[in-house]
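J.: I have a structure here, written as structure tokens, and I will follow up with some questions on it.
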Amino acid sequence: MTTFRTPVPASRLPKVGTTIFTVMSALAAERGAVNLGQGFPDFEGDPALVDAVTQAMRDGHNQYPPMTGVPLLRQAVSDKIATLYGRRYDAATEVTITAGATQAIITAILAVVGPGDEVIVLEPSYDSYVPNIELAGGTVVRVALKAETFRPDFEAIAAAISPRTRAIIVNTPHNPSATIWRADDLDRLAEILRPTDALLIADEVYEHMVYDGEAHASASAHPELAARAFVISSFGKTFHVTGWKIGTVAAPAPLSAEFRKVHQFNVFTVNTPMQHGLARYLADPAPYLGLPAFYQRKRKLFREGLAGTRFRLLPSEGSYFQVVDYSAISDLGEADFCRWLTTQIGVAAIPLSAFYDDGRNQGLARFCYAKQDATLHTALERLSRL
């Protein structure tokens, strides 16, 4: 039998391997652990939304939609942003429907970043940002959020700006730290960016998960930043249907035009019946307006359940994550501690070190409380041993 050689190309992402999320989820499944690591709900979305999508299929919405998204849905997104944040994006030229927020992020980066361009990334950061920038040929400039508080270090951000700075990525509410930016933070960022042509990629997928009466500080609500921003959101996160992979990008027409040039070739368009179903579902704002109370109750259940353990709880201002300091429990590094927690205690978490390029250990782990109450109670019963 003749064996033929398979050419092995030079890797475009030589430092990328299997993500910690995949590793910990597999370990949790192998050991029968409660998976509070990966950030997705273990409960279903609203049956009314499923019915709306099913009806769209029966109504014949099963062929390609427009490349930019179903007009009814783009208009619904424009209306929602105008109501919540006071900025009216033109549905025809400034709103694009994407195959999830992750696709939106890489498309925005590929649209505006090229070789020699620098992009500022605030660490700890969501794991797709850096590979996206590298695939575009750009240079990653890392700026750490402040230790312990995870607040933006504006002096460090200002120092990182150079003539080659093409963009900065800001994620609020923040994954993994669960902190939020506030209006004065956006003011400070605008002041820093004002003399530059740097763009803002605003990752706002947890926009409807902000607690304790705080308002989400959207770049859309800040006219100066909105003029230079791609604002990204996620229906999957908002409506508990992460597997549907549908997101949105709102941006001024010149930026949207560049975004769509890439979008039409890396995705072209997004599945039709779900777009029609979402357009119908968005007519009622109650589901997303009620989301803060929904998750704040779960946050309360989880935090109160951990109060009797030796974990020290950091604030959870937004998203559906809870970061804990485990230094009173173990001196293991973060990755080793999370493996131990999974195998010996039966609860999976994610090490914060996975969100830093240098893998720094601060004795911190991240839990996800977007779970059924029964799942959280089982996890808390096991964690009570600590």
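The values are calculated or read from the model by the stated rules, or taken from the named source; none is laboratory data. No experiment lies behind these values; they were computed from the predicted model shown. Reconstructed Cβ throughout: ideal geometry from the backbone, glycine too, with neighbour counts over all protein chains shown.
J.: Would you pick out the residues in the stretch 291-329 that are touching a His at 6+ places or on another chain (Cβ under 9 Å) and of a type outside the set (Ser, Thr, Tyr)?
T.: Leu291, Pro292, Leu301, Gly305, Glu317, Gly318, Phe321
J.: Would you point out the residue of the stretch 302-339, among those that are out of contact with any Leu (no Cβ under 9 Å at 6 or more places or on another chain) and aromatic (Phe, Trp, Tyr), that is nearest to Phe367 (Cα to Cα)?
T.: Among those that are out of contact with any Leu (no Cβ under 9 Å at 6 or more places or on another chain) and aromatic (Phe, Trp, Tyr), it is Phe321.
J.: Does Arg188 meet the test of being under 23 Å from Pro315 (Cβ atoms) and either basic (Lys, Arg) or not assigned by TED's automatic domain parsing to the domain that holds Ala354 (or both)? It would help to see each step written out before you state the result.
T.: Values: under 23 Å from Pro315 (Cβ atoms): yes; either basic (Lys, Arg) or not assigned by TED's automatic domain parsing to the domain that holds Ala354 (or both): yes.
It is true that Arg188 is under 23 Å from Pro315 (Cβ atoms) and either basic (Lys, Arg) or not assigned by TED's automatic domain parsing to the domain that holds Ala354 (or both).
J.: Before we move on, is Asp184 of a type in the set (Asp, Glu), modelled with pLDDT of 95 or more and out of contact with any strand residue (DSSP E or B) (no Cβ under 9 Å at 6 or more places or on another chain)?
T.: On the way: of a type in the set (Asp, Glu): yes; modelled with pLDDT of 95 or more: yes; out of contact with any strand residue (DSSP E or B) (no Cβ under 9 Å at 6 or more places or on another chain): yes.
In short, yes.
J.: Kindly indicate which of Ala183, Ala136, Ala158 is surrounded by fewer than 17 Cβ atoms within 10 Å (Cβ to Cβ) and farther than 15 Å from Ala217 by Cα. Steps first, please.
T.: Values: Ala183 fails: farther than 15 Å from Ala217 by Cα; Ala136 fails: surrounded by fewer than 17 Cβ atoms within 10 Å (Cβ to Cβ).
Ala158 is the lone residue from the list that is surrounded by fewer than 17 Cβ atoms within 10 Å (Cβ to Cβ) and farther than 15 Å from Ala217 by Cα.
J.: Turning to a different aspect of this structure: If you go through the stretch 261-290 one residue at a time, how many are farther than 25 Å from Gln55 by Cα and either in contact (Cβ under 8 Å) with a residue 12 or more places away in the chain or crowded, with 20+ Cβ neighbours inside 10 Å (or both)? So that I can check it myself, show each step before the final result.
T.: The first filter runs over the stretch 261-290 and keeps only residues farther than 25 Å from Gln55 by Cα, leaving 261-266.
If we keep only those that are either in contact (Cβ under 8 Å) with a residue 12 or more places away in the chain or crowded, with 20+ Cβ neighbours inside 10 Å (or both) as well, we get 261-264, 266.
Selection size over the stretch 261-290: 5.
Table: residues versus (1) under 21 Å from the mean Cα position of the chain (by Cα); (2) assigned by TED's automatic domain parsing to the domain that holds Ala370.
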site: Arg5; (1), (2): no, no
site: Ala10; (1), (2): no, no
site: Pro14; (1), (2): no, no
site: Gly32; (1), (2): no, yes
site: Ala56; (1), (2): no, no
site: Gln63; (1), (2): no, no
site: Met67; (1), (2): no, no
site: Ala76; (1), (2): no, no
site: Lys80; (1), (2): yes, no
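J.: Which residues, taken from the stretch 242-254, are more than 21 Å from the chain's Cα centre (by Cα), in contact (Cβ under 8 Å) with a residue 12 or more places away in the chain and not in a loop (DSSP other than H, G, I, E, B)? First the steps, then the outcome.
T.: Step one: filter the stretch 242-254 for residues more than 21 Å from the chain's Cα centre (by Cα), giving 252-254.
Those still in the list that are in contact (Cβ under 8 Å) with a residue 12 or more places away in the chain too: 252-253.
Result: Ala253, single match.
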